[in-house]
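**Student:** What follows is a single structure, and I will ask about it in a moment.
The values are calculated or read from the model by the stated rules, or taken from the named source; none is laboratory data. Note that this is a predicted model, so its numbers are computed, not measured. A quick note on method: Cβ atoms are made from the backbone with ideal geometry, for glycine too, and the neighbour counts reach across all protein chains shown. Only protein heavy atoms, including side chains, enter the accessible area calculation; ligands, DNA and RNA are left aside. Shrake-Rupley method; radii C 1.70, N 1.55, O 1.52, S 1.80 Å.
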Amino acid sequence: MPKNIYQKIWDAHAIETEPGQAAMLYIDRHFVHEVTSPQAFEGLRLNGRKLRRPELTTATMDHNIPTTDRSIPIQDPLSQKQVDALENNCAEFGVECFNMHNPNNGIVHVVGPELGFTQPGMTIVCGDSHTSTHGAFGALAHGIGTSEVEHVMATQTLLQEPSKTMEVRVNGKLPVGITAKDIVLAIIARIGTAGGTGYVIEFTGEAIRNLSMEGRMTVCNMTIEGGARAGLISPDDKTCEYLKGRERLPEGVPFEELCEKWKSFASDEGCSYDTLIEFQAEDIEPQVTWGTSPGMGTGISEKTPVLAEIAVDTDRDNTQKALEYMGLNEGTPIDEIAVNKMFVGSCTNGRIEDLQAAATVAKGYTVNECMDQAIIVPGSYKVKEEAEAKGLDKIFIEAGFEWREPGCSMCLAMNDDKLNPGDRCASTSNRNFEGRQGKGGRTHLVSPAMAIAAAIKGHFTDIREWKFN
Amino acid sequence: MDTFTTLTGIVAPLDRMNVDTDQIIPKQFLKRIERTGYEDGLFFDWRFHNDGTVNEEFELNKARYEGTSILLSRDNFGCGSSREHAPWALDNYGFRCLIAPTFADIFYNNCFNNSILPIKLDEDTVDGLFKECFATEGYELTIDLPTQTITKPDGGTIAFDIDPFLKERLLNGWDQIGLTLRHEEKITAYENAQA
Ligand code: SF4
């Protein structure tokens, strides 16, 4: 019987426990960062346990680290303590750790793929919901809680019930100016932030196939924002091409052999899913969120919702609360919303193609004087290096943007990069929750090109009409 | 791990959909390396104004909900970040049971790893509970896990569903790692077959 990719990976990793109980899913790669791991290491210590397979675990620090001069010690003692805890725990338990001075350092979901740790057919977990990013390679990747982090450390398995599967098919060709970010924001705006609950989603269709690996990562990254347990894209030649020559591929296996094995995980022709949702790429506009959950978004040519047009009471209340928090009136044209901050970066849009797209828009322009801050934060040191080799940093700096060291930065504002109450930010990150980027801050999620264009104009603008220099 | 069998407690209503874990415990409280001490950060941005003063309008700040141990909320509770600091903060504050129409996946799992019982009830039932809770000062519910029932102040009962294995775990306070390690030879056999 033809199988989809989820069933294949599940079958290759599920170890039966007892009849009627959750299976133990064997975990091939475990990523760790400083925020969600200290209590897990502590739990191991208290129970006299070790990591079952320390060599399958990789740690990086990303959430707390400064994006300014790293030769200066971290100013916040609590951040320093958490970063130190990770380094000490990794040393004690024999885990490789990329500290903030290591050339491999960066956001965990950027580092994994760029070093080739992330491979098709694998099971991957991390105490971080955006672990779904790795699904772009056809790896089954889950975000987990800290108790589960400890469980994976001690047993190399995760208890799981099989999920239902949903195919999200994006047909047709993407119009010029529309990016992976717009696809995924449009999907979430349609299915809602709980639309994928209980499901693993596989993204299929011509528009998904045509995306680069980095674009595919952007789509899978935000799967969790649609409530799904994981997002997957079947591996193909593009996947192999991306991984070719990466540092951490298995040694001693000819690449062709690896590639064949990887591609064997792709969904079979004629396989089935529990649910299908279809989109037409040509219908997707550049997206901007107007509210306080990633599903509250719309196209650049649209307006914020009109309350009287919402039929269901709870939805109307919810919309009203969101508009109030965002300081927006109902029925406001999206392209009239003015911003005073901009953030390009995060595990959603902090890779080289994102920065390249941002630079193409920025070239020859200047940041609008209404902007209080506009920062560009590469996803990793490797991304930073590559961007500088291409001269992108110069374009940004000349245009008045700040060029930073890598890290999570203003995606969640655990370091000094944060919004002040009332600030309005065009952000390429993945969450526009109340206070996510700083208490009282207002976040609008957009693609890198749309963020840069907003910083230059001082308000959102349709990138399809941009004059490139 | 603590066990969970029965609980009688005051119900606090949080009448919002999509309560996300950033809201339950904002990032500035994620820097601790312990599992305790998160109670002051719970719903921080709602409990306090930007200038640091107490937001008297927020339900949890009202005297009538003091000592609450049951939280009532709407759809998709616990969405967003996987941070287990969210159930820790709820637990540290005193919540042992959560009631909502739906919960986000990761959060739901995290609750069971912290002996918190998340109960899913259909939307109409939840709506009814909200109405009664708002109307009655000191509104209490009794949760009985062995019989899977909720008893209301008027004596009426509501049945709820729960996975039998998760129920056993809560009743016995079983540590999941210990349970899994009973199957260690199966894990070893799997590893050997891959090598
Ligand atoms: S960039 Fe943002 S979403 Fe990604 S891992 Fe860091 S904090 Fe999480």
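**Student:** Determine which single condition A:GLU96 fails, assuming it passes every other condition in (1) of a type outside the set (A, V, I, L, M, F, W, C); (2) within 14 Å of another protein chain (Cβ to nearest Cβ); (3) away from the ligand (no atom under 16 Å from the Cβ).
**Tutor:** Only one criterion in (1) of a type outside the set (A, V, I, L, M, F, W, C); (2) within 14 Å of another protein chain (Cβ to nearest Cβ); (3) away from the ligand (no atom under 16 Å from the Cβ) is unmet by A:GLU96, namely (2).
**Student:** Taking interchain pairs and intrachain pairs at least six residues apart, which have beta carbon atoms under 8 angstrom, with the first residue in segment A:408-423 and without any contact (Cβ under 8 Å) to a residue 60 or more places away in the chain and the second away from the ligand (no atom under 14 Å from the Cβ) and open to solvent by 40 Å² or more (accessible area, probe 1.4 Å)?
**Tutor:** Close Cβ pairs satisfying both conditions: A:PRO421/A:LYS439; A:PRO421/B:ASN50.
**Student:** Conditions first: (1) within 8 Å of chain B (Cβ to nearest Cβ); (2) of a type outside the set (Asp, Glu); (3) surrounded by 15 or more Cβ atoms within 10 Å (Cβ to Cβ). A:GLY20 passes all but one, so which condition is the exception?
**Tutor:** (3)
**Student:** What are the residues in segment B:72-122 that are away from chain A (no Cβ under 11 Å), closer than 18 Å to B:GLU34 by Cβ and not in a loop (DSSP other than H, G, I, E, B), if any?
**Tutor:** Listed by number, the residues that qualify are B:ALA89, B:LEU90, B:ASP91, B:ASN92, B:TYR93.
**Student:** A further question on this structure: Of everything in segment A:148-179 that's surrounded by fewer than 24 Cβ atoms within 10 Å (Cβ to Cβ) and either of a type in the set (Ser, Thr, Tyr) or in contact with a His (Cβ under 6 Å, 6 or more places away or on another chain) (or both), which residue is farthest from A:LEU276 (Cα to Cα)?
**Tutor:** Once the filter is applied, the top-ranked residue is A:SER163.
**Student:** Also: Which residues, taken from segment A:51-75, are within 12 Å of chain B (Cβ to nearest Cβ), within 16 Å of the ligand (Cβ to nearest atom) and out of contact with any Ser or Thr (no Cβ under 7 Å at 6 or more places or on another chain)?
**Tutor:** Selection gives A:HIS63 alone.
**Student:** May I pose another question? Can you tell me which residues in segment A:80-91 are more than 12 Å from chain B (Cβ to nearest Cβ) and open to solvent by 20 Å² or more (accessible area, probe 1.4 Å)?
**Tutor:** Passing the criteria: A:GLU87, A:ALA91.
**Student:** Any idea how many residues of segment A:30-50 are within 16 Å of the ligand (Cβ to nearest atom), not aromatic (Phe, Trp, Tyr) and not in a loop (DSSP other than H, G, I, E, B)?
**Tutor:** The total comes to 2.
**Student:** I'd like the residue in segment A:51-79 that is assigned to a helix (DSSP H, G or I) and open to solvent by 50 Å² or more (accessible area, probe 1.4 Å) and, out of all such residues, is nearest to A:ASN102 (Cα to Cα).
**Tutor:** Result: A:GLU55.
**Student:** Hey, does segment B:45-63 have a residue that's in contact with a Pro (Cβ under 9 Å, 6 or more places away or on another chain), at the interface with another protein chain (Cβ under 10 Å from one of its Cβ atoms) and crowded, with 17+ Cβ neighbours inside 10 Å?
**Tutor:** So far as segment B:45-63 goes, yes, one or more of its residues are in contact with a Pro (Cβ under 9 Å, 6 or more places away or on another chain), at the interface with another protein chain (Cβ under 10 Å from one of its Cβ atoms) and crowded, with 17+ Cβ neighbours inside 10 Å.
**Student:** While we're looking at this one, here's another question. Among the numbered criteria (1) within 12 Å of chain B (Cβ to nearest Cβ); (2) among the acidic types (Asp, Glu); (3) within 16 Å of the ligand (Cβ to nearest atom), which single criterion is violated by A:GLU148?
**Tutor:** (3)
**Student:** Can you find, within segment A:307-362, the residue that is nearest to the ligand (Cβ to nearest atom) among those that are surrounded by 16 or more Cβ atoms within 10 Å (Cβ to Cβ) and assigned to a strand (DSSP E or B)?
**Tutor:** Among them, the one singled out is A:PHE343.
**Student:** Suppose the filter is away from chain A (no Cβ under 14 Å), among the hydrophobic types (A, V, I, L, M, F, W, C), in contact with a Cys (Cβ under 6 Å, 6 or more places away or on another chain) and over 24 Å from A:ALA194 (Cα atoms); does B:ILE143 pass it?
**Tutor:** So B:ILE143 fits the description; yes.
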